[in-house]
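Chemist: I have a structure here, written as structure tokens, and I will follow up with some questions on it.
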Amino acid sequence: MLRYIIKGGNKLEGEVKISGSKNASLPIIAATILNSGKSTLYNVPNIHDTQMMFEILKKLGGKIEKKNNKIIIDTSKINKFEIPEDLMRQMRSSVILVGGLLGKHRKATFSYPGGCDIGARPIDLHLKSFEKLGINITKNYGNISCICDKIEGEKIDLDFPSVGATENIMLASVLAVGTTVINNAAREPEIVDLQKFLNKMGAKIKGAGSNKIEIQGVRNLKDVSYNIMPDRIEAGTFLCATAITSGNTKLVDLNSEHITPVITKLEEAGCKLKVDKKTIEIIGPKRLKAIDLKTMPYPGFPTDMQSIMATTLTVAKGTSVIVENIFENRFKYMQELNRMGAKISTEGKTAVIKGVRKLYGANVKATDLRGGASMVIAGLVAKEITTVENIEYILRGYENFENKLFKLNANIRKEEI
Ligand code: EPZ
């Protein structure tokens, strides 16, 4: 078991390099199955979730070679099509591999991923879409088998702009006969990155970033090399860590166009930001002002930044109201914050945060990936010592998190217990 020990009170200062995007890497790693050849990826973050994806690919017969700052994935010898249940349960987002396996090999077996710490996380939209593409699905005792002779392009209307379902439909349709059109598609930047990667591989996709994506089936794909986009949620996390500590930092190697909703909200809360395409300089005020926000599908305020922004507002002047519209159980971390002296009450999908002058160090636990990062942010300003347990959650999605914070003058260390 690992935990962080944080002594609050230091202002964050200095420069931090943003790593490659976890949520762009995972579907792109899955997409490497499609060309049954070699894909060379740059800027893949070295985090638990990408490591898990590589482990699964190796179990399916794939080969992974790490060389300096690149990863070479060879999927030409993939000869297994069942995602191991234990790995599936550890990382529900491995369901994205199903789209790759179906797209290339037209078969896949996996266990129902089940819920996680932020909600039920059903995959009904994925399965309904696969059926529309002509894929036969059988379910027994939590196991799901998908198989078909060929995939025929179809028009698919998504009930909700699900990121994962949009990505899975794209992967399953790249080598289909005919054209697939996704209406009400998710518009996240990670989907644009996936389209760029696939088109570089020889796919014919257009519309990513809008709510309508068209995938024209092709017959062959080629080897490809690709540079993964920066992680917009990691960038937002460091912006908030600077804001809450009244710090002054510069973020580099990000794409500021991906986080305009976060930039706008931090300016509203009293931060000063100098925004260029790949860098952002931020100065946090002596004390933040309360703001209201609601999470929405992109380009709205991202749900992954909800807990991080809410934590930042616990010490703001005034009362903030936050509405979580995407996941039904994404406030769990708030009970931990209240143990540190925050004054948060929740009713359904709404949280009311009464700003307090001080947070106090405590022993808290990470409840999920972003909730865990939020505990660290609270610890940066809490009086005295905060220990954050279950930080394995955090290591899933943040590369070198404590080292990056330490270099920004945070008093943080990791220890084994
Ligand atoms: C992706 O998850 C991200 N994960 C999440 O980031 C992110 O919070 C989410 O998109 C929303 O932006 C990855 O990209 C690996 P959804 P995903 O399908 O694809 C419901 C993080 O912290 N839904 O857009 O699972 C679902 O229950 C993670 O980095 C269905 O009802 O999100 C949820 O309420 C957390 N049926 C909503 O849609 C389905 O078939 C959004 O889910 C699929 C989803």
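The values are calculated or read from the model by the stated rules, or taken from the named source; none is laboratory data. Quick caveat: nothing in here was measured; it's all calculated off a predicted structure. Note: ideal-geometry Cβ built from the backbone for every residue, glycine included; neighbour counts use all protein chains shown.
Chemist: Got a sec? Which of Lys7, Lys38, Lys22, Lys80 is modelled with pLDDT of 95 or more, of a type in the set (D, E, K, R) and surrounded by fewer than 16 Cβ atoms within 10 Å (Cβ to Cβ)?
Modeler: None of the others qualify; the one that does is Lys80.
Chemist: Name, by its number, the condition in (1) away from the ligand (no atom under 16 Å from the Cβ); (2) under 28 Å from Gln90 (Cα atoms); (3) modelled with pLDDT of 95 or more that does not hold for Asn409.
Modeler: If we test Asn409 against (1) away from the ligand (no atom under 16 Å from the Cβ); (2) under 28 Å from Gln90 (Cα atoms); (3) modelled with pLDDT of 95 or more, just (2) comes out false.
Chemist: Among (1) over 28 Å from Gly372 (Cα atoms); (2) in contact with a Phe, Trp or Tyr (Cβ under 6 Å, 6 or more places away or on another chain); (3) buried (at least 22 other Cβ atoms within 10 Å of the Cβ), where does Lys70 come up short?
Modeler: Every listed condition holds for Lys70 apart from (3).
Chemist: Checking Leu239 against (1) within 16 Å of the ligand (Cβ to nearest atom); (2) within 18 Å of the chain's Cα centre (by Cα), only one condition comes out false. Which one?
Modeler: So Leu239 meets the others, but not (1).
Chemist: So which of Arg370, Arg330, Arg413, Arg357 ends up being assigned to a strand (DSSP E or B) and of a type in the set (D, E, K, R)?
Modeler: Details: Arg370 fails: assigned to a strand (DSSP E or B); Arg330 fails: assigned to a strand (DSSP E or B); Arg357 fails: assigned to a strand (DSSP E or B).
Going through Arg370, Arg330, Arg413, Arg357 in turn, just one is assigned to a strand (DSSP E or B) and of a type in the set (D, E, K, R): Arg413.
Chemist: Which of the residues spanning the range 333-354 are in a loop (DSSP other than H, G, I, E, B) and without any contact (Cβ under 8 Å) to a residue 24 or more places away in the chain?
Modeler: Once the filter is applied, which keeps residues that are in a loop (DSSP other than H, G, I, E, B) and without any contact (Cβ under 8 Å) to a residue 24 or more places away in the chain, the range 333-354 yields only Gly348.
Chemist: Give the residue, chosen from Asn255, Asn227, Asn211, Asn248, that is farther than 30 Å from Ala310 by Cβ and touching a residue at least 12 places away in the same chain (Cβ under 8 Å). Spell out how you get there, then give the answer.
Modeler: On the way: Asn255 fails: farther than 30 Å from Ala310 by Cβ; Asn211 fails: farther than 30 Å from Ala310 by Cβ; Asn248 fails: farther than 30 Å from Ala310 by Cβ.
Within the list Asn255, Asn227, Asn211, Asn248, the selection yields Asn227.
Chemist: Which residues, counting only those in the range 369-390, are at negative phi, under 23 Å from the mean Cα position of the chain (by Cα) and surrounded by fewer than 24 Cβ atoms within 10 Å (Cβ to Cβ)?
Modeler: Listed by number, the list holds a single entry, Glu389.
Chemist: Consider the range 76-129. How many of its residues are in contact with a strand residue (DSSP E or B) (Cβ under 6 Å, 6 or more places away or on another chain), more than 9 Å from the ligand (Cβ to nearest atom) and assigned to a helix (DSSP H, G or I)?
Modeler: 5
Chemist: Another question, then. Please go through the range 134-173 and pick out each residue that is on the phi < 0 side of the Ramachandran plot, of a type outside the set (Ser, Thr, Tyr) and away from the ligand (no atom under 16 Å from the Cβ).
Modeler: If the condition is that a residue be on the phi < 0 side of the Ramachandran plot, of a type outside the set (Ser, Thr, Tyr) and away from the ligand (no atom under 16 Å from the Cβ), then Asn136, Asn140, Asn143, Ile147, Cys148, Asp149, Lys150, Ile151, Glu152, Gly153, Glu154, Lys155 are the ones that fit.
Chemist: Moving to a separate point now. Restricting the range 174-202 to residues that are closer than 20 Å to His105 by Cα and aliphatic (A, V, I, L, M), which is farthest from the ligand (Cβ to nearest atom)?
Modeler: Once the filter is applied, the top-ranked residue is Val177.
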